[in-house]
Every structure is written in C-alpha cells, then in structure tokens.
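Peer 1: Please see the structure below; I have some questions.
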Amino acid sequence: MLGKVALAICAIIFTVFAIAATVVLSLISLYIPNQSVASISAYQTCLTVASKFATTISGPVANITATTGVTVTCSQLTSSSCPGSLVNGICTWQRKLAVTCINGSTVRIRVQSNALPGRCASVPPTTFLKEQNIDFEVNFNPTVNVNSQTHSPTTQSALDDIVCSITNQQYAPSGSNLTSYSSVASLGTVAGMSIDNVPILNVNSAVDVDPFYPPAGYAVETVDTCLAHPQTNGVYHYHMASGCAVSPPTGNLSSCTTTPACSSDIAGYALSTFPSSAKKLTVIGIAKDGHVIYEPYLASGNIVTSGIDICNGMFYDSIGNYAYFATTKYPYVTGCFGPGNYPSFGPSCTTNGQSSYTMSVHAAAQANG
Ligand SMILES: *[C@@H]1O[C@H](CO)[C@@H](O)[C@H](O)[C@H]1NC(C)=O
Ligand SMILES: *[C@@H]1O[C@H](CO)[C@@H](O)[C@H](O)[C@H]1NC(C)=O
Ligand SMILES: *[C@@H]1O[C@H](CO)[C@@H](O)[C@H](O)[C@H]1NC(C)=O
Ligand SMILES: *[C@@H]1O[C@H](CO)[C@@H](O)[C@H](O)[C@H]1NC(C)=O
C-alpha cells in the first residue's frame with residue numbers, strides 16, 4: 001500500500017517535471033529563432049530568397065542566352081509558336097536563369113533570364129514564345145518607409161494615372177538603384193521575375209486596363225491554366241500569380257477559357273493553384289525595385305486581403321520589411337513600385353479592384369512612431 005502511494009507520488013513529481021521541462025524548452029525554442037532572425041544579414045536573406053529561384057547556372061554570367069540551360073520539351077507548341085527546335089512534333093528549348101546576390105555595404109541582386117518557362121504553354125493562335133535576354137541588378141530589399149511614399153494620389157484620376165499604366169514600372173525608385181543590362185524594350189513593361197523564370201509584367205494590358213476584369217467595352221485576355229500568355233513579341237509572362245511557379249505542371253496545358261473553374265473566376269482559380277501545404281510566407285519572385293514577391297499568405301497562414309497599399313505592397317513585419325503579395329484583387333501582384341498610399345477609393349481600370357486601402361498594423365505602427 002505504502003509502496004503504491006510512493007510510486008504514485010513519484011509519478012506525479014515526474015509528470016510535473018516533464019511538463020515544466022517542455023514549457024521551458026518551448027520558450028527557449030520560441031526565443032532562439034527570434035534571436036537569429038534579428039542577426040541574419042541582408043546578404044544571407046538575399047541568398048535565401050535567391051535559393052528559391054529555379055536557377056540553371058551560378059551567376060553573374062556575361063550573357064545568359066549564351067549559357068547552357070535546362071532542356072524543356074513540349075508537344076503542344078507548333079512550328080510557329082515553339083521558342084526552340086521542333087522535331088517530330090516535339091518542341092525543345094532551354095530555360096536559363098541566374099540569380100546572384102552581390103554582397104557589400106548595400107546588398108544587390110542580379111537577375112539574368114531568357115524568360116522561357118520550364119513547362120508547356122497553351123498559347124492563342126498567331127502568338128508564340130521567344131527567348132529574351134532580361135538582365136537587371138537592383139538593391140536587394142531596399143529600406144523604405146511608410147512616411148515617404150513613392151506614390152500618394154489623392155484623387156481617383158491621379159490613382160488611375162499611376163496604377164492604370166503599363167509603363168509605370170519601367171523605372172524603379174532611386175532608392176532601388178536599378179541597373180538594366182538588357183535593352184529597355186524588353187524590360188519596360190517587366191515588373192519582376194517569378195522563381196520559375198517567367199517574367200511578371202505590369203498588371204495592365206496594352207490598353208491600360210485589367211486584362212482579366214476590364215471595365216465594360218474591353219476584351220478579356222486569354223491565358224493558359226498557369227495564368228500566363230505570350231506578348232505579341234513573344235515574351236511569355238504573368239499578370240497574376242500562379243501556383244505553377246512553385247510546382248510546375250508536367251505535360252500539356254489547357255487554356256483558361258476551356259477550363260470552367262478558371263474562366264468563371266480566374267482570381268479564385270489563381271488562389272486555388274497554390275498548394276495548401278504552402279500557406280505561409282513563400283517567395284514567388286522578385287520585383288524590379290528589389291522587393292520580394294510572396295504568395296497570398298502571411299507567416300501566420302492568414303490570406304492577404306488587407307494591409308496592402310495601392311501598389312499591392314505591404315509592411316508585413318515589425319522590422320519594417322516591405323514586399324508585394326499575390327492577391328485576388330487588382331493589381332494581383334504589383335501595380336507600381338511602392339510604398340504607395342492608402343486612399344479611400346480604388347482605380348477605374350478594373351471591375352475587381354479594392355474600393356479602399358488600409359495600412360497593416362506594422363505600417364500603422366511605423367506611421368505613428
Ligand atoms: C548573347 O548570346 C547570344 C547567343 O549566343 C547572342 O546571339 C547575343 O548576340 C549575345 N548578346 C550579347 C549582348 O553579347
Ligand atoms: C499534347 O498536345 C499535342 C498537340 O495537341 C498532342 O499531340 C499530344 O498527344 C498531347 N499530349 C498529351 C499527353 O496529351
Ligand atoms: C558582406 O558584406 C558585409 C559589409 O561589407 C561584411 O561585413 C560581411 O562580412 C560580408 N559577408 C560575407 C559573407 O562576405
Ligand atoms: C548603384 O549601383 C552601381 C552598381 O553597383 C554602383 O556603382 C553605384 O555606386 C550605385 N549608386 C548608388 C547611388 O548607390
């Protein structure tokens with residue numbers, strides 16, 4: 001009897017110690033990552049972001065198109081749409097991408113890309129894919145402040161002049177110190193590069209409206225089920241982010257038009273293409289102003305529907321990092337190089353825009369601090 005009581009007491013004491021130890025260990029493990037985050041250098045952060053890109057060679061290289069890339073085959077592109085060689089009905093090309101972090105007192109990132117995908121594409125008749133030479137270098141994640149905005153329109157027409165303009169991302173703010181090594185012609189409408197080597201173009205169509213939810217009287221543009229399509233000069237590109245960047249599909253792609261889930265609600269479809277396992281802060285690209293582009297999810301797992309400015313940028317953490325987030329509302333990825341302001345009206349070149357903008361808690365803290 002006494003032995004059993006002693007045993008029970010021992011068990012209780014042991015359990016209490018075990019719980020206490022677990023609590024202490026969890027507190028330590030919560031504490032350590034915070035410590036290391038604070039001490040991670042900009043160069044290390046850049047290397048981490050660069051490692052998410054599907055690079056094919058380490059850079060910088062003299063000329064990305066002259067390098068050996070990764071061979072891609074696709075039997076759905078034809079002699080007129082194939083960006084490489086077509087043999088026995090199989091189109092073969094090379095995907096080439098180098099993303100390099102350059103250390104120094106200011107960390108820079110260089111993106112060199114031939115802008116060809118690592119997967120098939122479904123393209124409208126008369127359009128084609130063509131190898132490009134995209135090459136730019138920019139300050140990585142430059143420091144920006146909510147109190148010093150690149151754009152702060154106070155009327156809807158002033159907002160339209162900024163975000164409803166396909167050429168508004170030709171140049172980045174001076175704080176980004178953007179250097180374009182390739183010709184402006186192939187870079188002017190490029191807003192950034194996706195991790196899968198598909199350029200992200202400015203959100204607008206050539207007639208300066210939302211390509212997918214345009215105002216009445218404008219045509220809806222055709223894309224494939226990876227939500228990409230080629231421009232008239234052969235630049236295959238995104239306007240809206242797709243999970244294909246994170247996990248490229250194999251085999252033929254369909255067009256969005258013939259895929260009911262896509263054609264009926266392309267923004268909702270875009271969201272559904274991101275793997276549910278990746279509902280966390282996930283890099284999907286880099287903007288030409290040096291800011292990171294993330295999936296539609298925050299570190300908390302919450303989907304981003306607010307806290308973004310007119311450019312689709314957000315101050316998303318307590319140390320002032322600013323990035324663009326994929327969203328289901330225009331401008332979907334990035335509409336201008338921010339930070340922008342938070343007006344109580346939206347742009348008129350879309351039927352799927354924000355009607356007002358609100359600061360994130362971190363932006364609000366910075367604005368008041
Ligand atoms: C880069 O290489 C490609 C393919 O070898 C060549 O056609 C092009 O002229 C080169 N560009 C420059 C700027 O050297
Ligand atoms: C892909 O499309 C091509 C051209 O339409 C067709 O010949 C081929 O059989 C398709 N492949 C598959 C796996 O469906
Ligand atoms: C990167 O540059 C900084 C500042 O010049 C320097 O302190 C740091 O040691 C460098 N890091 C590496 C890994 O070279
Ligand atoms: C911009 O970047 C270039 C290339 O690295 C550098 O030479 C130049 O000093 C930088 N300019 C500024 C203002 O930082």
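Peer 1: Being over 25 Å from the mean Cα position of the chain (by Cα) and either of a type in the set (Gly, Ala, Ser) or within 16 Å of ligand 4 (Cβ to nearest atom) (or both), is that true of even one residue in the stretch 105-127?
Peer 2: Checking the stretch 105-127: at least one residue is over 25 Å from the mean Cα position of the chain (by Cα) and either of a type in the set (Gly, Ala, Ser) or within 16 Å of ligand 4 (Cβ to nearest atom) (or both).
Peer 1: From the list 300, 360, exactly one residue is in contact (Cβ under 8 Å) with a residue 40 or more places away in the chain and more than 17 Å from the chain's Cα centre (by Cα). Which is it?
Peer 2: 360
Peer 1: Any chance you could count how many residues in the stretch 317-329 are surrounded by fewer than 24 Cβ atoms within 10 Å (Cβ to Cβ) and within 19 Å of residue 176 (Cα to Cα)?
Peer 2: Of the residues in that region, 4 qualify.
Peer 1: Quick check on the stretch 334-369: of everything there that is β-branched (Val, Ile, Thr) and in contact with a Gly (Cβ under 8 Å, 6 or more places away or on another chain), which residue is farthest from residue 206 (Cα to Cα)?
Peer 2: Per the criteria, the residue is 361.
Peer 1: For the stretch 82-93: of the residues being of a type in the set (Gly, Ala, Ser) and more than 11 Å from ligand 2 (Cβ to nearest atom), which is farthest from the chain's Cα centre (by Cα)?
Peer 2: Residue satisfying both the conditions and the ranking: 85.
Peer 1: Under the condition of being touching a residue at least 24 places away in the same chain (Cβ under 8 Å) and surrounded by fewer than 16 Cβ atoms within 10 Å (Cβ to Cβ), which residue from the stretch 72-85 is nearest to residue 120 (Cα to Cα)?
Peer 2: The qualifying residue nearest to residue 120 (Cα to Cα) is 75.
Peer 1: Still on this structure: Restricting attention to the stretch 150-184, and to residues there that are within 16 Å of ligand 4 (Cβ to nearest atom) and under 19 Å from the mean Cα position of the chain (by Cα), which single residue is nearest to residue 110 (Cα to Cα)?
Peer 2: Among residues in the stretch 150-184 that are within 16 Å of ligand 4 (Cβ to nearest atom) and under 19 Å from the mean Cα position of the chain (by Cα), the one nearest to residue 110 (Cα to Cα) is 178.
Peer 1: Quickly run through the stretch 95-138 and pick out the residues that are more than 15 Å from ligand 1 (Cβ to nearest atom), touching a residue at least 40 places away in the same chain (Cβ under 8 Å) and small (Gly, Ala, Ser).
Peer 2: Within the stretch 95-138, 118, 121, 122 qualify.
Peer 1: Counting only residues that are basic (Lys, Arg), give me the strands (runs of 3 or more DSSP E) lying completely in the stretch 89-205 with at least 1 of them.
Peer 2: By residue number, 90-95, 108-113.
Peer 1: For the stretch 313-331, what are the residues that are within 23 Å of residue 212 (Cα to Cα), in contact with a Phe, Trp or Tyr (Cβ under 8 Å, 6 or more places away or on another chain) and part of a loop (DSSP other than H, G, I, E, B)?
Peer 2: Within the stretch 313-331, just 326 meets the criteria.
All of the numbers you see were taken from the coordinates with simple rules; none came from a lab. Nothing here was measured: the structure is a model prediction, and the numbers come from that model. Reconstructed Cβ throughout: ideal geometry from the backbone, glycine too, with neighbour counts over all protein chains shown.
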